[in-house]
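The values are calculated or read from the model by the stated rules, or taken from the named source; none is laboratory data. Source: prediction; values computed, not measured. Cβ placement follows ideal geometry from the backbone for every residue including glycine, while neighbour counts extend to all protein chains displayed. In case anyone asks, the SASA skips ligands and DNA or RNA and just uses the protein heavy atoms, side chains included. Shrake-Rupley method; radii C 1.70, N 1.55, O 1.52, S 1.80 Å.
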Amino acid sequence: MSAQPGEGMFREYSPEELKQFWDQMVERSLADEAPTGTSHVAFRIGAVKFAIDVASCRGVVPYSKAMPLPNLPTHILGVTSVRGVPISVTDLRYLAGMGTTPPGKRGQLVIIEDGADETALLVDWVYNVEPLDLSKASKALLKQYDTVREHLIANVLEMDGEHILVLDANVCIKAG
């Protein structure tokens, strides 16, 4: 059964109704402000949200098992190949002081770089790339995260009732 002219969405609208509709559309578009802030890759480790500046990020790839090497620090899981290039894999959960990533746990690798130095951070999952207004950040919020190693965190931002811990990419790379 199809709608007939004059029924539902096929009815004819008066000029006043059309003007009202377009006025509402203009109001809505003006109310939607352009996002402010710099783009960040947002991800989770457990229930904790983290972000890292897109400028430091070279990509996100599915986790592939790292080949362990002797005499590496505990937070370095080993080396893996990303697009044919060997790269160290850093267990961000361990580096951040949140325990070790369980063996066999799948996740994603966030590849970060600073000049010629790079590492792949193992995270549970990347959920977004979003603009963060760091002018509203407060490192004082970090006091609620007593297990997270403070030197890794550049800022803490409250957004939609949740905290996002913004990583210092340079510190993560030097550790990895």
* Leaving out same-chain residues fewer than 8 places away, which lysines sit with a Cα under 30 Å from that of Lys65? -> Lys49, Lys105, Lys174
* To do: Compute the distance in nm between two label points, each set 7 Å from the Cα along the Cα-to-Cβ direction, one at Glu12 and one at Asn71.
  => 8.7
* Asked: Taking Cα atoms, how many degrees apart are the long axis of helix 15-31 and the longest axis of the chain, rounded to 10 and kept between 0 and 90?
  -> 20
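Let me have the 222 nm mean residue ellipticity of the chain computed from DSSP H runs of 4+ only, each contributing -39500 (n - 2.57), with the sum over all residues rounded to the nearest 500.
-4500 deg cm²/dmol
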* **By average C-beta atoms within 10 angstrom, highest first, the peptides 59-66, 20-27** => 59-66, 20-27
* Structure fact -> The base-10 log of I(q)/I(0) that the Debye equation returns for segment 89-149 at q = 0.24 Å⁻¹, one scatterer per C-alpha, is -1.16
* Quick one: net charge around Ala42, please, counting Lys, Arg +1 and Asp, Glu -1 for every other residue with C-beta under 13 Å from its C-beta. => -3
* For the chain, what mean projected area does the convex hull of the alpha carbons give, in nm²? -> 16.7
* Asked: Classify segment 50-105: rounded, prolate or oblate, from the alpha-carbon gyration tensor (a ≥ b ≥ c, eigenvalue square roots; a/c under 1.5 rounded; otherwise prolate if a/b is larger than b/c)?
  -> oblate
* Starting from the Cα-Cα distance between Arg106 and Leu30, subtract it from 0.36 nm times their residue separation and give me the gain in nm to one decimal. => 23.1 nm
* For segment 122-176, just the Cα set please: Rg and Dmax, both in angstrom. => 11.7, 32
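Leaving ligands, DNA and RNA out of it, report the carbon-plus-sulfur percent of the accessible area of the chain at a 1.4 Å probe. Walk me through the numbers on the way to the answer.
Numbers: 5830 of 10710 Å².
Solvent-exposed carbon and sulfur of the chain make up 54 percent of the total.
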* **Simple spin-label estimate for Trp125 and His151 in nanometres, 7 Å along Cα-Cβ** => 3.3
* Structure fact -> Length gained, Arg58-Lys136, 0.36 nm per residue minus C-alpha separation, equals 25.5 nm
* To do: With a 1.4 Å probe and every protein chain left in place, work out the accessible area per residue of the chain in Å², rounded to a whole number.
  => 61
